[in-house]
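Asker: First the structure, which I've put down as structure tokens, then a few questions once you've had a look.
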Amino acid sequence: MRWITLALVYASLAFLSTGCYTMSTLRFGNGTAADVKVKSSQTGQEIEIAPGRFKKLPHAAGDIIVTTKAGEKFKFTSIEPPRVDTDSTGTNYLDKRSSLFGPGYITLGLKLGTNMELFALMPGKKSVDTKIPQPSGYPKRGEKMAD
Amino acid sequence: MKGNLKIVLIAIAATLTLTQAQAMRWYSPSTAHWLSRDPIDEEGGENLYLFCGNDSIDNWDLLGEKWKVDRNGGAKASAQPEKGDTVADLAGLVGLSYAEYERWLTPSSGTTMPQFWGQPLTGCEHFEIPNTVVAYWAGWGGGFGRWYVTWNSSVKYLRARGFNVDNRFHKKGDKLALEKIFVAKSIGKELHGLYFWGHGYAPYPSTGLVSDSNDELLFYSSPGLYYHMALGLVFACDSNSGRTALMSGGAGEIWHGYTGTLYPVPFRAYHAKHFIKPGQQQTH
């Protein structure tokens, strides 16, 4: 009886720590010569990234707004990590991490170019691999927003 | 006094033997004839003294109540109206959208598709309606996980309600698996509902359903449905974000979803019996 109770407690703790969601994040790289601010329209969360650096931003759907050092804003529409790789190209741009306990993660690497173009990166890479086709809809060009 | 009562009872029995009272007209078994005209008049055919085209084996006409839905475990269930019933009545009964009736209603041979959802029917038509519930397991822990949330017992319960349960376990790497199933089953007019255990996407609002191996299963913005479903028991984080995309919103719809994160506790009220009560969506 004690073993059954222990097993149930263990299983409950396992599930409680699992939750049942997959966190979608962007690994956003700044390929421009100055700091940029990157904001998720889904969550409202904003991060600041130095040139040549990468930072993570939780985001699953919607637009991304990039603000340059000069205060110009650029909108990148329909940035949806879960939808990347759902076409039939056979590429795997998404970095998927499961864990026995705790939530799973999917991460899409993106890199902003100086001409406000956003390229997808293969998992773990910091530069664009020109030999592998970009996912459908990429690279995305930023649309300048009115002040 | 006793003798008088006996005579009265014999008289009543004799009357009932000679003429059987139906809901709306009288029938004489001895002469095998209806004693009055069919109340649906010419809608039931030129001969006003026939009953459902004289085919009482395959047709029945109880008059006055509602649709008879026979869920017998098949991919589709049979549905038969009584006089005056409409497709909108049926939609409300089984939880589908009346506005989408042409997408889920299948007229049987000899029956035509009603012109609109509010058209009164004669009571002699035959239809088929969706009867398949997709049970899709994309959760954690395999057999242990299913035991933890009473999966097998719930599937058994759904089958006992007369549904055809398509019981599937997610295979790692099968992208958009649920969307593909929805496309096939809804275009075939078989899809009634979904029983699902798995994950949703964060940050919220969740954009779709995903497996524990992080395979995307469907997106709420394009779930692949030809019509909206009647039954949704979706045990996934923030699944309420997908309710409008998946469900009919009709009177008889049955939905159970979550807002925010779902932390499963063993056996806690996850069984399908807590969400589908006897008589709901008319099983027999």
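The values are calculated or read from the model by the stated rules, or taken from the named source; none is laboratory data. Note that the coordinates shown come from a computational prediction; the quantities given were computed from them, not determined experimentally. Cβ atoms come from the backbone with ideal geometry, glycine included; neighbour counts cover every protein chain shown.
Asker: Would you check which residues across the stretch B:76-114 are farther than 24 Å from B:Lys277 by Cβ and small (Gly, Ala, Ser) and list them?
Answerer: Residues satisfying the conditions are B:Gly84, B:Ala99, B:Ser108, B:Ser109, B:Gly110.
Asker: Out of the strands (runs of 3 or more DSSP E) lying entirely within the stretch A:33-76, which hold 2 or more residues that are aliphatic (A, V, I, L, M)?
Answerer: Details: elements: A:36-40, A:46-49, A:54-58, A:64-68, A:73-76.
Passing ranges, in order: A:36-40, A:46-49, A:64-68.
Asker: Just give me the residues in the stretch B:259-283 being closer than 23 Å to B:Val94 by Cα and touching a helix residue (DSSP H, G or I) at 6+ places or on another chain (Cβ under 8 Å), in sequence order.
Answerer: Of all residues in the stretch B:259-283, those closer than 23 Å to B:Val94 by Cα come to B:270-283.
Across the stretch B:259-283, the qualifying residues are B:Tyr270, B:His271, B:Ala272, B:Lys273, B:Ile276, B:Gln281, B:Gln282.
Asker: Still on this structure: Collect the residues in the stretch B:216-231 that are touching a helix residue (DSSP H, G or I) at 6+ places or on another chain (Cβ under 6 Å), within 29 Å of A:Ser98 (Cβ to Cβ) and in a loop (DSSP other than H, G, I, E, B), keeping them in residue-number order.
Answerer: B:Tyr220, B:Pro223, B:Gly224, B:Leu225
Asker: While we're on this one: Report whether or not B:Lys185 is within 14 Å of chain A (Cβ to nearest Cβ) and either within 24 Å of A:Ala61 (Cα to Cα) or not in a strand (DSSP E or B) (or both). Walk me through it before giving the result.
Answerer: Working: within 14 Å of chain A (Cβ to nearest Cβ): no; either within 24 Å of A:Ala61 (Cα to Cα) or not in a strand (DSSP E or B) (or both): yes.
The answer is no for B:Lys185.
Asker: Please go through the stretch B:96-124 and pick out each residue that is in a loop (DSSP other than H, G, I, E, B), more than 13 Å from B:Trp67 (Cβ to Cβ) and among the small types (Gly, Ala, Ser).
Answerer: Result: B:Ser97, B:Ser108, B:Ser109, B:Gly110, B:Gly118.
Asker: Tell me which of these B:Trp117 doesn't satisfy, since it passes every other one: (1) of a type in the set (A, V, I, L, M, F, W, C); (2) at pLDDT 95 or above; (3) at positive phi.
Answerer: Only one criterion in (1) of a type in the set (A, V, I, L, M, F, W, C); (2) at pLDDT 95 or above; (3) at positive phi is unmet by B:Trp117, namely (3).
Asker: Same structure, new question: Which pairs do you get when a residue that is touching a residue at least 12 places away in the same chain (Cβ under 8 Å), found in the stretch B:271-283, comes within reach of a residue that is polar (S, T, N, Q) and buried (at least 18 other Cβ atoms within 10 Å of the Cβ), reach meaning Cβ atoms under 7 angstrom, with the pair 6+ apart or on two chains?
Answerer: Listed pairs, sorted by first residue: B:His271/B:Thr150; B:His271/B:Ser154; B:Ala272/B:Ser154.
Asker: Under the condition of being in a helix (DSSP H, G or I) and within 14 Å of another protein chain (Cβ to nearest Cβ), which residue from the stretch B:233-272 is nearest to B:Ser213 (Cα to Cα)? Spell out how you get there, then give the answer.
Answerer: At the first step, the residues of the stretch B:233-272 found to be in a helix (DSSP H, G or I) are B:239-246, B:272.
Narrowing the set further to residues that are within 14 Å of another protein chain (Cβ to nearest Cβ) leaves B:239-242, B:245.
Details: B:Ser239: 18, B:Asn240: 22, B:Ser241: 21, B:Gly242: 21, B:Ala245: 24 Å.
If we take residues in the stretch B:233-272 being in a helix (DSSP H, G or I) and within 14 Å of another protein chain (Cβ to nearest Cβ), then B:Ser239 is nearest to B:Ser213 (Cα to Cα).
Asker: Taking only the stretch B:150-202 into account, find how many residues are within 22 Å of B:Val265 (Cβ to Cβ), buried (at least 23 other Cβ atoms within 10 Å of the Cβ), of a type in the set (Phe, Trp, Tyr) and out of contact with any Leu (no Cβ under 7 Å at 6 or more places or on another chain).
Answerer: Adding up the residues that qualify gives 2.
Asker: All but one of (1) in a loop (DSSP other than H, G, I, E, B); (2) touching a strand residue (DSSP E or B) at 6+ places or on another chain (Cβ under 6 Å) hold for B:Gly162; which doesn't?
Answerer: Failing condition for B:Gly162: (2).
Asker: Another question about this same structure. Against the definition (surrounded by fewer than 22 Cβ atoms within 10 Å (Cβ to Cβ), within 20 Å of A:Thr43 (Cβ to Cβ) and either at the interface with chain A (Cβ under 10 Å from one of its Cβ atoms) or not polar (S, T, N, Q) (or both)), how does B:Pro205 come out, yes or no? I'd like the intermediate steps shown before the answer.
Answerer: Values: surrounded by fewer than 22 Cβ atoms within 10 Å (Cβ to Cβ): yes; within 20 Å of A:Thr43 (Cβ to Cβ): yes; either at the interface with chain A (Cβ under 10 Å from one of its Cβ atoms) or not polar (S, T, N, Q) (or both): yes.
Taking the combined requirement at face value, the residue satisfies it.
Asker: Condition (residue is free of Cβ contacts under 8 Å to residues at least 24 places away in the same chain and either under 14 Å from B:Val133 (Cβ atoms) or outside the structural domain of B:Gly173 (by TED's automatic domain parsing) (or both)) applied to the stretch B:236-252: is it met by at least one residue?
Answerer: The answer is yes, given that some residue of the stretch B:236-252 is free of Cβ contacts under 8 Å to residues at least 24 places away in the same chain and either under 14 Å from B:Val133 (Cβ atoms) or outside the structural domain of B:Gly173 (by TED's automatic domain parsing) (or both).
Asker: Give the stretch A:97-138 a look and list any residue that's within 12 Å of chain B (Cβ to nearest Cβ), free of Cβ contacts under 8 Å to residues at least 40 places away in the same chain and either crowded, with 18+ Cβ neighbours inside 10 Å or in contact with a Leu (Cβ under 6 Å, 6 or more places away or on another chain) (or both), or say none.
Answerer: none
Asker: Could you pull out the residue among B:Thr106, B:Thr112 that is more than 16 Å from the chain's Cα centre (by Cα) and farther than 27 Å from B:Pro264 by Cβ?
Answerer: B:Thr112
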